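Please read the structure below before turning to the comments.
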Amino acid sequence: VLMPLIDRMGDAKDQVREQAQNLILKLMCEAAPPMYIWERLAVGFKHKNYRSREGVCLCLVATLNIYGAQPLILSKLVPHLCIAFGDSNSQVRDAAILAIVEVYRHVGEKVRIDLTKRGIPPGR
């Protein structure tokens, strides 16, 4: 179910993208723990459609806002966000920055240290 939902997050219509994200969030609530879903969603960070890549970043923001950082292993997701910082599409880059800001808000300085280790400049 998740692969077609990742594809739907790349749809041209806003409503379809929103409903795909809502269904993913509902799956986290009803069907499986958030990290179980995210282990399968992580492939969306490399999707060929830029809107899908952006949607996965925005879905991470929504997940953090709903469930917090406790049920997620963010150290597995941050490397994908670091790669998205260098994406060819500006919307994906902006969504990745928004996601990492949200991660920082929930986790704190640990993320800054992790980003420095990955070669992301401190100013960025």
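What follows is calculated from the coordinates using simple rules that are stated; it is not laboratory data. As the structure is a computational prediction, the values presented were derived from the model and not from experiment. Cβ placement follows ideal geometry from the backbone for every residue including glycine, while neighbour counts extend to all protein chains displayed.
Please specify each residue of region 40-73 satisfying the condition of being of a type in the set (Lys, Arg) and farther than 17 Å from Ser90 by Cα.
Correct list: Arg40 only.
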task = Could you tell me which of the residues Ala99, Ala42 is in contact (Cβ under 8 Å) with a residue 12 or more places away in the chain and buried (at least 20 other Cβ atoms within 10 Å of the Cβ)?
result = Ala99
inquiry  = Can you say whether Leu58 is of a type in the set (A, V, I, L, M, F, W, C), assigned to a loop (DSSP other than H, G, I, E, B) and touching a helix residue (DSSP H, G or I) at 6+ places or on another chain (Cβ under 6 Å), as far as the supplied structure shows?
reply    = no
message = Can you pull out every residue in region 12-44 that is part of a loop (DSSP other than H, G, I, E, B) and either within 20 Å of Ala99 (Cα to Cα) or touching a Phe, Trp or Tyr at 6+ places or on another chain (Cβ under 8 Å) (or both)?
response = Pro33
